[in-house]
1. Using a cut-off of 10 Å between beta-carbons, work out the net charge of the residues near G137 (Lys and Arg +1, Asp and Glu -1, G137 not included).
2. For H81, what is the net charge nearby, where nearby means another residue's Cβ is under 15 Å from its Cβ and Lys, Arg count +1, Asp, Glu -1?
3. Using 0.36 nm per residue of separation minus the Cα-Cα distance, give me the extension gain between L86 and L49 in nm, one decimal.
4. What nm value, rounded to one decimal, do you get for the distance between R100 and R73 when each label is placed 7 Å out toward the C-beta?
Amino acid sequence: MLVIIMVGIAMTLVLCIAGPVATLLAVGHRRKRRAARDPLTQVFRARELRQLDAHLEGVAREERRRLESELARYLAGRAGHVVLVLKAPNGIALELSDGRRLALRGISYRNVEMLHRRAPVDMLRPECVDRDAGVYGLLLRGPAGKEVKVYARNIALAV
């Protein structure tokens, strides 16, 4: 009877230890297979991937600066007033009287409603844009001097 109990305990211990160990080995083998199938790891080494990633991040920063300066130059000139406020994916688009379009992404519902009410009546014109910690502030001013400032995560100028 004692032998049967000892064999039962031994089998339980073997199952409790062997199960997790086998799972860990299988998962590790799957990761290696997945890494071997990844085409980037076949072409680039890890150091080269890090360098490529750093280079692409730098290119993205430069492009963002270029787009921001282009928007600032446009707003410094004579920008058209807001004719229409359109719904766009993840935000709105402001159709301007000079044929351009400003896309605002990540704008609050309250600001959208305010623009729908005030833009056609006050003939709001985009004056300037500033950036603070990843949030853009767009100042819109009417001919009578009324000002509206809206905040968005992204602002893009389209022709």
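Read-outs: derived from the displayed coordinates by stated rules, not from any lab. Here the structure is a predicted model, which means the values were calculated and not measured. We place every Cβ from the backbone using ideal geometry, glycine too, and count neighbours over all the protein chains shown.
1. Values: positive: R131, K149; negative: D130, D132.
Result for the local shell: 0.
2. Summing Lys and Arg as +1 and Asp and Glu as -1 gives +2.
3. Length gained, L86 through L49: 9.2 nm.
4. 1.1 nm
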